[in-house]
Amino acid sequence: MTRGTQHVVLLAVGVALVKIVVDGTFVRYVRPAAAAAVLVAGATIVLLALVAIQHDVRAPAPAAEHGHRTRSAWLLTLPVLAILLVAPPALSSAAATRLTTSTNATRGPVSTVAPLPPGEAPALDLVDFVTRSVDDPSGPLTGRDITLVGMVVPPAARDGPGRDLVRLVISCCAADAAPVRVHLLDPARIAEGTPVPAESDGAGSRGDPPTAAGDRWVRVRGRYVAGSGAAADHVPTLRVVVVEPTTAPEPAYEY
Amino acid sequence: MSVAASPAVTPSLGCARRPVRRVVVTCLAVLLALAGVRAGRTLGVEVVRDVSTVFVAVCVQALPFLVLGCVLSGVLAATVTPAVLRAVIPRRAGLAAPVGAVAGAVLPGCECASVPIAGRLIAQGAPEPAALAFLLAAPAINPVVLVSTAVAFPGRPEMVLARFVGSALTAVVVGWWWPIIGRRVVIASRRSVTDPRAVGGSRWGRFAETARHDLVGAGGFLVLGALAAAVLTVLVPGRWLASVAGHEVVAILVMALLAIVLALCSEADAFVAAALQAVPLLPRLVFLVVGPAVDLKLVALHVGTFGRSFAMRFAPPVVVVAIGAAVLAGLAVLRGAG
């Protein structure tokens, strides 16, 4: 790979990194807190490439650079192509189902110290709801209506009707995503009847949907079934009151 | 010392093979693309989509650290001469390895930053035991990693100590052992940049050219490691982990394998280990000690920075030492704590 090509490839990589931070799609891949690091890295790469281009224009490098040894740099075009052409969406509900391990994801007990937000049906993160119910199955959650947002999926390893609500929790980047589940108690089968949103409904503010088009995102209002947090697989149950389809949130993950 | 300058490529042989190689590579690329499409159809479009998401995620997560490492490597090349390094770092492995490990403790960041720096240290004449101990220690025992381990295992501070001991032990033992087992291995020094801008010229010029050169050299291998890790992360089913929870020895080996296959950065692997509650603590400690030392992403970076022969000879002993050190640290700290 000649020096000129190296500069172009580096420029492309840097621009791609800056692009995903500027248009916000980076949250599909890494935590929001990583924005500054990714932006600075992209800008640094662009700067290094521009400095090298400027030097080469002024004083052309000797012809035989070790072009053999930098063939691997062609691989750098792969993430650039992926970001610019494919724009991979956030991990799908299929990934959540595939990634299911035996224990439901929870946060540490620190998060249960904070009191439940006031209001009729406060909105909670799924992982927050699961952590509180597992930590204290008969505690302050009992008798409260809660609003949760997640993807509707078939129940994990349970036969029969009903649905689960699932989201993905990430610590560092999408590679360590772990699913968090809540079982929906839904005798009236409201959740099952929820239509899959049409393509245009699922579109985020940037035109392309942040998650895969097949995912069914809903906002569920329901009541925590007391004691269900003590289940062996740490999946609490929510008795459904209202289900409405909603657009996929961006970021689609919880943290 | 086994550092050698880049071997001169005999032009006639290399150029004669090039057209054949090009044809072979093109055929392989086409075959891979076809296989990918076929895999997509059998596995489902979602799998291909998820693989591309995880692939981009690992790249985006790791690139800032790689850039940091290359920038620091450039700073090293521009400011620290080989003479200074030789004066500061002890020559004998006995002292050099611990010094390297201690230096690694102060550099926060994932593995991707330590590889270019270690490569630059070796190219600048630092004793190999120190540079390799630094390479293994920096991703594993820096403050950010230890803090995130403490947060991920609340109420179990002994995990932090066990991780620290295990990783530090791994770094020092490998630093001591490598001069013995790696005597005949030559680290293909891709760092010997022949371009005059990198050797002479102003400090800024040396810095910019070295950083750029290291980035171009290592970036492709990082992508390769990310690709391998993304495919395996998505395709490896989570359920079989629960089945190994019973046998501790099997669990140790499985967790070591998992640590190698999953290219997790060392700040986050504590949370992943904490979530695997079905697995006993000792195998999870093995996961935390092996991960920052050897994983697919790292091996790819090692190949790119130190050469294939080094990387292939370096990885297996490091895995063995890491597992041993983790087990020792676990038995001493975790079991001792009761």
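With neighbour counts taken as other beta-carbon atoms within 10 Å, the residues B:C59, A:C172 rank, fewest first, as A:C172, B:C59. Between B:R91 and B:R38, the C-beta separation translates, for a Förster distance of 56 Å, into a calculated FRET efficiency of about 0.50. Cα centroids of the range B:50-123 and the range A:133-157: 45 Å apart. Close amide H pairs (under 5 Å, H built 1.01 Å from N) link A:R181 with A:A105, residues at least 5 positions away or on another chain. Across the range A:171-178, computed HN-Hα scalar couplings (Karplus, 6.51 cos²θ - 1.76 cosθ + 1.60, θ = phi - 60°) run 9, 10, 8, 4, 5, 9, 4, 10 Hz from first to last residue, x flagging Gly and Pro.
Mean per-residue shielding of peptide A:6-17 is 3, counting Cβ atoms of other chains within 10 Å of each Cβ.
A Förster radius of 45 Å, combined with the Cβ-Cβ distance separating A:A59 from B:C27, puts the computed FRET efficiency at roughly 0.70.
Among B:214-222, A:226-234, B:79-87, the peptide with the highest mean count of other Cβ atoms within 10 Å heads the list, and the full ranking is B:214-222, A:226-234, B:79-87. Sorting B:V147, B:V279 from the fewest to the most surrounding beta carbons within 10 angstrom yields B:V147, B:V279. Mind giving me the FRET efficiency for B:R183 and B:L328? R0 is 35 Å, r the Cβ-Cβ distance, nearest 0.05 is fine. So the FRET efficiency works out to roughly 0.85.
Is the range B:208-338 rounded, prolate or oblate when judged by the Cα gyration tensor, a ≥ b ≥ c being the square roots of its eigenvalues, rounded requiring a/c under 1.5 and prolate requiring a/b larger than b/c? Cα axes put the range B:208-338 in the prolate bin. When B:E46, B:E267 are arranged by Cβ crowding within 10 Å, least crowded first, meaning fewest neighbours, the order is B:E46, B:E267.
The numbers here are math on the coordinates, done by the rules we state, and not lab data. Please read these numbers as outputs of a predicted model, since none were measured by experiment. When we count neighbours, we look across all protein chains shown, and the Cβ atoms used for this are built from the backbone with ideal geometry, even at glycine.
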